[in-house]
Amino acid sequence: MAELSDRVAGFLSAGTRTGMLGFAASDGRPLVAPVWFVVDGGELVFTTHRETPKGRALQRDRRTVICVDDPHPPYSFVQVQGVATVSEDPVELLDIATRAGARYMGAERAEEYGRRNAVPGELVVRVRPTKVIAGFDISN
């Protein structure tokens, strides 16, 4: 298992950077979808409905990758390859949905987004890193 260094975890947690989740469709096609995520206990964690393409894919094949970039000079990125686990635990779901809501929508709307996204059918997806590739300050 790979670990997120302090620098990588800090980069992943900064601001409102959206993760690009890579996964395989049922016919093997590679797909990418944006995800709002938080770093929690060395894992990248997000929510999705069990019937979305990414939800179905991660229940079928737990291998995945998330790439996060800073599109501004001097440009940086982190790619986290990993193995996903899914949970429908309502307490964990509300916690992660609320934390993601705070990160991307602001603290004043965190509870609203947490309640909106912590509903039956939603999954908590935890990506445990198996490999981390990072490039910081690429244009320097």
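The values are calculated or read from the model by the stated rules, or taken from the named source; none is laboratory data. None of the values given here were measured: they were computed from a predicted structure. Cβ atoms come from the backbone with ideal geometry, glycine included; neighbour counts cover every protein chain shown. Side chains are part of the model used for accessible areas, which takes the heavy atoms of the whole protein and leaves out ligands, DNA and RNA. Shrake-Rupley method; radii C 1.70, N 1.55, O 1.52, S 1.80 Å.
Hey, among the residues in segment 24-40 that are under 13 Å from the mean Cα position of the chain (by Cα) and open to solvent by 20 Å² or more (accessible area, probe 1.4 Å), which one's nearest to Gly101 (Cα to Cα)?
So the residue we want is Trp36.
Quick check on Arg29: is it in contact (Cβ under 8 Å) with a residue 12 or more places away in the chain and more than 16 Å from Ile133 (Cα to Cα)?
no
What about Thr98, is it open to solvent by 70 Å² or more (accessible area, probe 1.4 Å), among the polar types (S, T, N, Q) and not in a strand (DSSP E or B)?
No, not satisfied.
When you go through (1) in contact (Cβ under 8 Å) with a residue 40 or more places away in the chain; (2) within 15 Å of the chain's Cα centre (by Cα); (3) crowded, with 17+ Cβ neighbours inside 10 Å one by one for Ala57, which number turns out not to apply?
(1)
Would you confirm whether any residue within segment 78-89 is modelled with pLDDT of 95 or more and not in a strand (DSSP E or B)?
yes
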